[in-house]
Every structure is written in structure tokens, then in C-alpha cells.
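See below for the structure under consideration.
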Amino acid sequence: MLRKTGHILIWMLLAGYLALGLTFTGEQMHRLRIKNIQVEIIDSLKNRFVSRDDVINQLKKNQLYITGRPVDSIHRDRILDAVLAIDEIRDATVFSTPDGMLHIRIRQRDPRVRIMGPTRSFYLDENGQVLRLSDKYSARVLVVTGTDDEDFAQHQLFALSEYIRSDPFLKSLIEEVHVFKDQTIEIIPRVGGQRIFFGRPDGYAWKLTKLRAFYEQGLPAVGWNRYESIDLRFSNQVVARKKPEI
């Protein structure tokens, strides 16, 4: 019986101590005020669409005045929603530390291909979603010219561009993809000056496999400047036309 009573007293003391500690912590948090905002852009070396000023201005635009306010009065969900409303930001986290700093850690969307059409231009990001161009930063990615059809870009060109991006040889070889009005494609290489007729983007993996084999096995034997055109539109062959003799 005494042992049981002793256990109850111990638990009561622990509960009281915990309640006192929580009260003390709550008072501390109420007295603690936000001294500054630290914006960390995790991938700033890769992309530079967003700056600290962009984030701070977005908070002001949404009337989220944070510096000098008690830590426990900060609405982190509202801050997070405001930050994520910036089109170029993919995800973000918001948290405070005992030194009075509010931390906003963000990751930008990653542009994979730039679509340049007759009336508008835009990027497609890592999920194939439209990402507007920036007047502050231009990403070094594959360029597609001749179309601004979002549906065609997202469902046809994105897969093609991702395949090119995933292959170091093709990525270094191909400078531009041009789309004609009938949605057939011509590939423009960085070297050699050949016209590479691709046809429609379906079956891109096999066509690019043939192109790579031709560049690696065929051209070195005769010279990179020997041919004026390469045609990948035929199922099991590559048709190459030599430059006319001068």
C-alpha cells in the first residue's frame, strides 16, 4: 500500500514539474520575438529564379509582417502558402529557432526544356508542367523552336527532351529541336552541320539509338562534315546523303 502511494506521489510530482516546465516554455516563447528572417534557397547554385528579396516581398504583399512579433503568434501555414504561391518555387518549409530566427527553406522548380514558339515561350519543369520564363535568369537547357502548343509540348516533346537529357552523348550532340507545322521534327546538332530529319516524336528512343550509332560508328570513318543530311524516319535504317562534290 505504501509503495503504491509512493508511486502515485512520484507521478504527481512529475506531472506538476512537466506542467511547470511547459508554462515556463510558453512564457519564454511569448517573450521571444522574431529578430530576422533567413531565406535558404537550397538549389541556388543550379537555378537562380528566386532570391531572398522575392520571398520577403511576397510576405509583405500578403501583409505578413514577421520581424519583431512574438514567435508563438506567427502563422506558419499562412507564410508557407504565401511562399508556395511564387510560381518558381517547388516546395518549402518554415520553422523558427530559439535564437529568434524564422527560417524559410525553399527549393525551386527545375526547368528541363525551353519551348520557343511564334507567340510565346516557356519552360517545362521536371514534372512536365509549364514554368514561365524569368527576366532575371535563363536556364541552360535544350531549346525547342517552332511551336508553343502546350499539349503537344507536354505529351510529346517532354518525353523526347528527357531522353536526350538522360544520355550524355545525345545531350552534348543536340543543340536544338525544331518543330514544323505538321508537328514533325528536325534535330540541329552542335557539330557537323547536318540536317537530321526525325519525323514525328513517337518512337523517339529507337530513332535516337540509330542516330547515336551512326555518329559513333559511321561518321568517324568518313568525317563529320561528309554528310549534309541524316534521315531517321525509316524504321530499320538511317538514310544519309553526302554533300555534293565541289
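Each reported figure results from applying straightforward, stated rules to the coordinates on display, with no laboratory input. These numbers were taken from a predicted model, which means no experiment stands behind them. Quick reminder, even Gly has a Cβ in these numbers, built from the backbone with ideal geometry, and neighbours come from all protein chains shown.
Points to keep in mind about this one:
- With R₀ fixed at 41 Å, the C-beta to C-beta distance from Arg69 to Glu150 puts the FRET efficiency at about 0.45.
- The Cα-based radius of gyration and maximum Cα-Cα distance (Dmax) for the range 99-145 are 14.4, 53 Å.
- In plain terms, the chain from Gln237 to Ala205 could stretch by 10.1 nm, reckoned as 0.36 nm per residue minus the Cα-Cα distance.
- Global geometry of the range 111-242, whether rounded, prolate or oblate, following the gyration tensor of its Cα atoms and the 1.5 cut on a/c: prolate
- Within the straight-line cut-off of under 23 Å between alpha carbons, the lysines reachable from Lys210 are Lys171, Lys242, Lys243, sequence neighbours fewer than 8 places apart in one chain being disregarded.
- Here the range 36-108 is assigned +1 on the Cβ of each Lys and Arg and -1 on the Cβ of each Asp and Glu. Its dipole about the Cα centre then comes out at about 80 debye.
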